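To keep things clear, I will list the structure first and then write my remarks on it.
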Amino acid sequence: MLTIFLVQNAVLYGVIITSAKASGLIGARHILMAEKYKIFLADPPWNYNDKAAAGARGASFKYPTLTLDELGSLSVRGHLVRDLADDNSILFLWSTFPMMPEALALCHLWGFKYKTLGFNWIKKNKSGSIFLGMGHYTRSNPEVCLIAVRGSPPIKDHSISSVIFSERMRHSQKPAIHKLIERLCGRRKRIELFARARVAGWDYFGNQLVKSQP
Ligand SMILES: C[S@@+](CC[C@H](N)C(=O)[O-])C[C@H]1O[C@@H](n2cnc3c(N)ncnc32)[C@H](O)[C@@H]1O
């Protein structure tokens, strides 16, 4: 028996083969998704080619990294990111400044149009002083989360500041901006790519997922 779930505005998510004779798709199993995602938050494992340059501090020593090509063709539960996005959706994409060209390219590869800065995270030390990172030119501090859109996603709250001033945490850990995004865009269907912590109301994808956040 072949059961097909057809859901408004959905892609081929709902094909479950329950009989060996159903078709050539025997054995195939796809995840049903009733609705495409309207909000994406992503913090990619950028590949800096930093093995020699950054010693054991580099990202590639903390987790596997992905090239731009690999990120562009990323498959989440069997589907390309660009196929998971609703016609009116928004992407929040963390980038460092050296990776800015790749970040802009990734917006395009995932089917979004770069718009503007979402959040500018200014890192401080525990003491409250401004953190001073390394850098080939000036000593680095901020990391940015870009906004890119597909179509015209609704913006619900125009009072939210782009500046986040908070302590730096463990390697690569970003401030939790989920609630700000919910205020900005509403509690629409949302997913965090490369998540390390689960957040209520969000779907998530990542190979270092740990525990829930309140
Ligand atoms: C920059 S970190 C994300 C940090 C996270 N935003 C935080 O605040 O803690 C990138 C994450 O992507 C994960 N990752 C790398 N390759 C992956 C893959 N192919 N599939 C899923 N996750 C991957 C890494 O293990 C790492 O946890």
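Between Asp87 and Asn49, residue separation times 0.36 nm minus the direct Cα-Cα distance comes to 10.2 nm.
Distance between the 7 Å Cα→Cβ label points at Lys156 and Asn120: 2.7 nm.
Here segment 36-205 carries DSSP beta bridges of which approximately 50% are antiparallel, counting only pairs with both residues inside.
A full extension of the chain between Leu132 and Val163 corresponds to an added length of 9.4 nm, given 0.36 nm per residue minus the alpha carbon distance. Neighbours of Pro44, meaning other residues whose beta-carbon lies under 14 angstrom from its beta-carbon, give a summed charge of -3 when Lys and Arg score +1 and Asp and Glu score -1. Overall form of segment 63-196: oblate. Here a/c, set by the Cα gyration tensor axes a ≥ b ≥ c, is 1.5 or more, and a/b is not larger than b/c. For segment 175-210, backbone nitrogen atoms closer than 19 Å to the point 7 Å from Glu70 Cα along Cα-to-C-beta are found at 193-196, 205-209. Here the simple spin-label model places points 7 Å from the Cα toward Cβ, and for Tyr204 and His108 these points are separated by 3.3 nm.
Coordinate-derived values only; no laboratory data. Since the structure is predicted, the reported quantities are computational estimates derived from the model, not experimental observations. Positions of Cβ are backbone-derived with ideal geometry, glycine not excepted, and every protein chain shown enters the neighbour counts.
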